[in-house]
1. Just need a number here: residues in the stretch 61-90 that are out of contact with any Gly (no Cβ under 7 Å at 6 or more places or on another chain), more than 17 Å from D266 (Cα to Cα) and surrounded by 13 or more Cβ atoms within 10 Å (Cβ to Cβ).
2. Restricting attention to the stretch 118-135, and to residues there that are more than 19 Å from L218 (Cβ to Cβ) and aliphatic (A, V, I, L, M), which single residue is surrounded by the fewest Cβ atoms within 10 Å (Cβ to Cβ)?
3. Can you name the helices (runs of 4 or more DSSP H) wholly within the stretch 189-261 that have at least 1 residues being in contact (Cβ under 8 Å) with a residue 60 or more places away in the chain, in contact with a helix residue (DSSP H, G or I) (Cβ under 8 Å, 6 or more places away or on another chain) and surrounded by fewer than 18 Cβ atoms within 10 Å (Cβ to Cβ)?
4. Report, by residue number, each residue of the stretch 269-289 that is surrounded by fewer than 20 Cβ atoms within 10 Å (Cβ to Cβ) and farther than 13 Å from V46 by Cβ.
5. What residue, of A39, A29, A16, is closer than 21 Å to P215 by Cα and of a type in the set (A, V, I, L, M)?
6. Run D266 past the list (1) touching a residue at least 24 places away in the same chain (Cβ under 8 Å); (2) out of contact with any helix residue (DSSP H, G or I) (no Cβ under 7 Å at 6 or more places or on another chain); (3) not basic (K, R) and report the number of the one that doesn't hold.
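Read the figures in this text as sums done on the coordinates, not as results from a lab. Predicted model only: the values in this text are computed from it and were never measured. Please note: Cβ atoms are built from the backbone with ideal geometry, for glycine as well, and neighbour counts cover all protein chains shown.
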Amino acid sequence: MSTLSLHDWLMSDRPASRRQAAWGRAYGAWCIFLRNRLAVLGLGIVLALVLVALLAPWIAPYSPTVGDLRTTRLLPPSHLFWLGTDDQGRDILSRLIHGSRITLMVVVLVAVLAAPIGLLVGTVAGYAGGMVDAALMRITDIFLAFPRLILALAFVAALGPGIENAVIAIAITAWPPYARMARAETLTIRQTDYIAAVQLIGASPWRIVLHHIMPLCLSSVIVRVTLDMAGIILTAAGLGFLGLGAQPPTPEWGAMIANGRQYVLDQWWVAAAPGAAIFLVSLAFNLVGDGLRDALDPKGIK
């Protein structure tokens with residue numbers, strides 16, 4: 001099959017099967033995404049982060065946890081230590097490379113935990129209505145009333161410091177926006193003829209929510225999750241900065257900034273390197289989310 005014929009098959013207005021229709025929608029979204037050069041740049045940075053995290057033990061030039069206080073303490077960037085060393089004589093580049101694993105793990109776990117909870121709460125509230133809707137939305141409003149970092153601090157203080165507890169705390173505070181968005185879309189979807197037809201054939205409310213409403217809300221949730229990943233990274237870094245996230249000597253980016261704040265005027269590279277990494281990765285996720293928002297818009301896929 002030639003490239004031209006494959007393109008025509010994917011972009012056909014009359015797909016012959018569900019598989020062809022699904023592949024066609026995915027291909028159309030991908031084409032729209034590729035038109036956004038900044039989104040492609042962000043995707044490249046995110047993929048580089050994933051690659052670095054996977055290959056960290058092999059590409060890190062030094063140990064991320066062991067240094068030499070006598071000979072390598074607080075050295076500036078050089079050909080031996082590209083980003084310098086910290087107050088314990090550890091190579092900052094190696095710590096950043098290994099810290100990318102923690103950052104990626106936090107982002108993925110929070111997304112896996114928070115997004116399904118918010119999606120389920122929002123679709124159930126929107127479809128059920130009445131007292132169920134009121135009760136679920138008031139619980140959501142309670143969580144939204146507190147700043148995310150402050151609420152995460154409260155949960156971590158109750159659970160205890162550690163990266164696992166930090167992930168749980170961030171996930172608990174991250175689901176309400178997804179619930180609000182899913183509820184708003186469900187209120188519109190439940191009035192459609194499509195849902196009325198499903199009800200007429202005797203589908204149960206749970207089947208309607210799980211199999212017919214949730215898939216229609218999924219694209220918006222994916223976009224929101226991608227845009228929220230920058231906030232998740234910043235919240236995790238904030239907890240690490242305050243000593244409530246990953247514990248020493250784990251190379252977590254927020255904890256690295258906290259460790260370098262006392263040297264910020266003279267040995268600026270100790271805090272600047274992890275700060276730049278957080279900025280770059282957060283920007284990349286925002287760019288990807290902006291591109292996905294355009295790509296997954298049903299009006300934009302032709």
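1. Adding up the residues that qualify gives 6.
2. M131
3. Because the criterion is at least 1 residues that are in contact (Cβ under 8 Å) with a residue 60 or more places away in the chain, in contact with a helix residue (DSSP H, G or I) (Cβ under 8 Å, 6 or more places away or on another chain) and surrounded by fewer than 18 Cβ atoms within 10 Å (Cβ to Cβ), the helices (runs of 4 or more DSSP H) in the stretch 189-261 that meet it are 205-208, 214-241.
4. Within the stretch 269-289, A272, G275, A276, F279 qualify.
5. Selected residue: A29, the only one of A39, A29, A16 that is closer than 21 Å to P215 by Cα and of a type in the set (A, V, I, L, M).
6. (1)
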